[in-house]
Each structure stands twice: as structure tokens, then as C-alpha cells.
Amino acid sequence: MRPEVTVVRLGHRQQRDKRITSHLGLTARAMGANHFVLCGDDDEGVLETLSDVTENFGGSFTSEHQAKPMGFLRHFAKQGGRIVHLTMYGEAYDSVTNDIPTDAPLAVVVGGAKVPGEIYKLADYNVAVGHQPHSEVSALALFMSELLGGVAGPEQFTGARLEVRPHPSGKVVIDRKTDSDSS
Ligand code: SAM
């Protein structure tokens, strides 16, 4: 069963993290998550980037800002959702991911500058992608791949205006609005 996945980004700083948080949201979408929750600074630019990409490349991915992440996560858990916290201090992702039930919504939490200690207790699973510090983007991609079995397929991106046609030596994009190939 494919779980409903919400990726929660803690502690976004508009100036410093603009690019990496946008990449995190795009990675969440491309890997098959349904929803993205931005915490920390309320950065319209990040949310707009994500909705523009969904408008052009399809699917039903949504995003929002939440000022109170802990309240959001407590509510999520109360409603029956499960919380996965990605942290280098957790259990190895390639052994624990199979134990995560997929019949309830999942919130996948990734840190930013400062991760509140309470998250470790609130989480049902603290999951490490290796035990070295690296990036929230790489941790999310590898975890999602393990959880859902690879990157999301085209069925996840219905209604796309732009569709990439794989090609060995160039860029081929179908634009459904103009119904012509562009390269
Ligand atoms: N300064 C933060 C702290 O002390 O917890 C960590 C910052 S790290 C660049 C940002 C986020 O990337 C972490 O909160 C975690 O979600 C994720 N991350 C980094 N390395 C990871 C790993 N080896 N396994 C799982 N997640 C990881």
C-alpha cells in the first residue's frame, strides 16, 4: 500500500536556505510525497516555486507554511499519522524502513539549523541514512526511495503540461498546451 507522505522541513531561514529548501520540496515531490510543510520563515518564494513546478509538470503535490511545527506534528499523530524523523543518530534506514506501516499517513521530518530535542521522542521512528552528517536532500531522497521503491513514476504526475521524453542525446519536452516538441 502506498502511504500518503507529508515532508516537514524544520527551521527554514529565508536568506540562507532558499535554494536548499526549494530543492528539498522538489525532491519530496519527485520522490512521490504528497505534501510539503515549510516551518521557520514563511517564504512565499519557496511555496511558489513548488506550485509552479506542479502546475507545469503535473500531479497534485501541495505545500503550506506552518508557524508551529510541534503543534502540527502532535495533531498529525493524534489523527493517527506516524512520524519519521531523519537524523544521523537514528536506526539504519535500510533495516528499519520495512517496519514502517504504510496504511497510515506518514510525516517525514527533516531538520534545519536547529532540531528541537522533543522531536526524537515524538517520532515513531528516528531513521539514519548512514551515521555521517550530510544533507537533508540526500537523506530524504534515499529514505523515500527505500520506502516507495524508487522514484515516483508518471502515474504520480497526471495532468502535466510539460512532459519529458527520455532521449540519449538531447532535450525532448512535449508541451501539451502548444502540442509541439521543444528542445
Ligand atoms: N544542525 C542540525 C543538527 O544538529 O541536528 C543538522 C543539520 S543537517 C545539515 C540537516 C538535516 O539533514 C538533519 O536535521 C537531518 O534531517 C538530515 N540529515 C543529515 N544527515 C543525515 C543522516 N546521516 N541521516 C539522516 N538524516 C540526515
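Would you kindly state the longest site-free stretch of the chain, with sites defined as trypsin sites (Lys or Arg not before Pro) in a DSSP loop (not H, G, I, E, B) surrounded by at most 10 other Cβ atoms within 10 Å?
1-113
Would you mind giving the average projected area, over all directions, of the Cα convex hull of the chain in nm² with one decimal?
11.4 nm²
To the nearest 20 Debye, how big is the dipole of segment 1-93 about its Cα centre, given +1 on the beta carbon of each Lys and Arg and -1 on that of each Asp and Glu?
Charge dipole of segment 1-93: 380 debye, to the nearest 20.
At 222 nm, what helix-only mean residue ellipticity would the chain give, in deg cm²/dmol to the nearest 500, using -39500 (n - 2.57) for each DSSP H run of four or more?
One gets -10500 deg cm²/dmol as the mean residue ellipticity at 222 nm.
Can you pull the percent of the chain's accessible area that's carbon plus sulfur, 1.4 Å probe, other chains left in place?
50 percent
About the Cα centre, and with charges only on the beta carbon of Lys, Arg (+1) and Asp, Glu (-1), how big is the dipole of the chain? Nearest 20 debye, please.
My answer is approximately 280 debye.
Please state the relative contact order of the chain as a whole percent: Cα pairs under 8 Å, 6+ residues apart?
Value for the chain: 26 percent.
Averaged per residue, what accessible surface does the chain expose to a 1.4 Å probe, in Å²?
54 Å²
Under a crude label model (7 Å from the Cα following the beta-carbon direction), how far is HIS134 from ASP42 in nanometres?
3.5 nm
Take every Cα pair under 8 Å in segment 43-137 that's 6+ residues apart, average their separations, divide by the length, and report that relative contact order as a whole percent.
Worked out over segment 43-137, it gives 32 percent.
Tell me, what does the Kirkwood hydrodynamic radius of segment 109-183 come to in angstroms if you use every pair of distinct C-alpha atoms?
Kirkwood hydrodynamic radius for segment 109-183: 16.1 Å.
Placing unit charges on C-beta atoms (Lys and Arg positive, Asp and Glu negative, everything else neutral), compute the dipole magnitude of segment 81-183 about its Cα centre in debye, rounded to 20.
Here segment 81-183 has a charge dipole of around 360 debye.
Label point 7 Å out from GLN14 along Cα-to-Cβ: which residues of segment 81-121 have amide N under 18 Å?
Counting only backbone N, you get 113.
Given points 7 Å out from each Cα along the Cα-Cβ axis, report the SER60 to VAL151 separation in nanometres with one decimal.
According to this spin-label approximation, the distance is 2.3 nm.
The values are calculated or read from the model by the stated rules, or taken from the named source; none is laboratory data. Keep in mind it's a predicted model, so treat the numbers as computed, not measured. Neighbour counts are summed over all protein chains in view; Cβ atoms, including those assigned to glycine, are modelled from backbone coordinates with ideal geometry. Just the protein is used for accessible areas: all its heavy atoms, side chains included, with ligands, DNA and RNA removed. Shrake-Rupley method; radii C 1.70, N 1.55, O 1.52, S 1.80 Å.
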